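Q: Next up is a structure, given as structure tokens.
The values are calculated or read from the model by the stated rules, or taken from the named source; none is laboratory data. On a predicted model such as this, the values are computed, not experimentally measured, just so you know. Here the Cβ positions follow ideal geometry from the backbone for every residue, glycine too, while neighbour counts run over all protein chains shown.
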Amino acid sequence: MFAIKTGINNPQAALSTFVEQKTTYGGKHIGEGDPIFGFASENEGGAGLVAHVIVTSVEPKPVNRGINRQTPRVSITVKPTALAKHALGRNELKRIREWNDGRPEIELNFKFYRQATNKIVGISAEAVTFLGRFFERQGARSSANRGIQLFTENPVLYGHVGTNRSILT
């Protein structure tokens with residue numbers, strides 16, 4: 001499973017494209033069909049977690065020859081499946097100070113806000129379950145929200161930090 005922090009102008013748009021996004025913590029393994037949590041970058045006026053989306057296309061940026069260290073970048077197109085019902089951004093995550101307690105909030109704070117650049121990151125099953133709580137739960141009317149229920153009940157099926165790809169594509 002993955003998360004992206006970037007400038008998200010309209011989380012309700014039918015399709016959104018994010019060009020040449022930096023990837024870290026396994027984010028370069030994102031592929032078509034992967035579910036991803038969208039965070040609207042506070043650096044660009046956003047408010048943190050805004051949507052759950054599905055990747056509809058991925059285009060890796062070619063490596064520049066002659067440059068030794070390059071951060072992998074990808075362009076992705078996504079379609080929304082659900083909008084967040086509760087706030088979760090830098091303000092909420094920076095309050096957590098116990099860096100070694102293993103909570104998913106620490107993982108998200110570290111990956112997104114230690115370096116405040118926009119990026120796509122791989123996230124753990126625990127972080128998937130935690131983020132799923134910010135969306136409408138069981139009993140929801142839309143099929144998009146049933147998808148949220150599916151990945152919160154079965155987060156390991158959607159990939160994990162340390163895996164290369166999700167097995168559901």
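Q: Is it the case that some residue within the range 80-102 is more than 17 Å from GLY132 (Cα to Cα), modelled with pLDDT of 90 or more, β-branched (Val, Ile, Thr) and over 14 Å from the mean Cα position of the chain (by Cα)?
A: The answer is no; no qualifying residue exists.
Q: Let me ask something additional. Out of the strands (runs of 3 or more DSSP E) lying entirely within the range 1-58, which hold 1 or more residues that are at negative phi, touching a residue at least 60 places away in the same chain (Cβ under 8 Å) and exposed (fewer than 14 other Cβ atoms within 10 Å of the Cβ)? Outline the logic, then answer.
A: On the way: elements: 2-6, 16-24, 35-40.
Counting at least 1 such residues, we get 16-24.
Q: If we scan the range 49-58, do we find a residue that is among the polar types (S, T, N, Q), over 25 Å from GLU92 (Cβ atoms) and modelled with pLDDT of 95 or more?
A: yes
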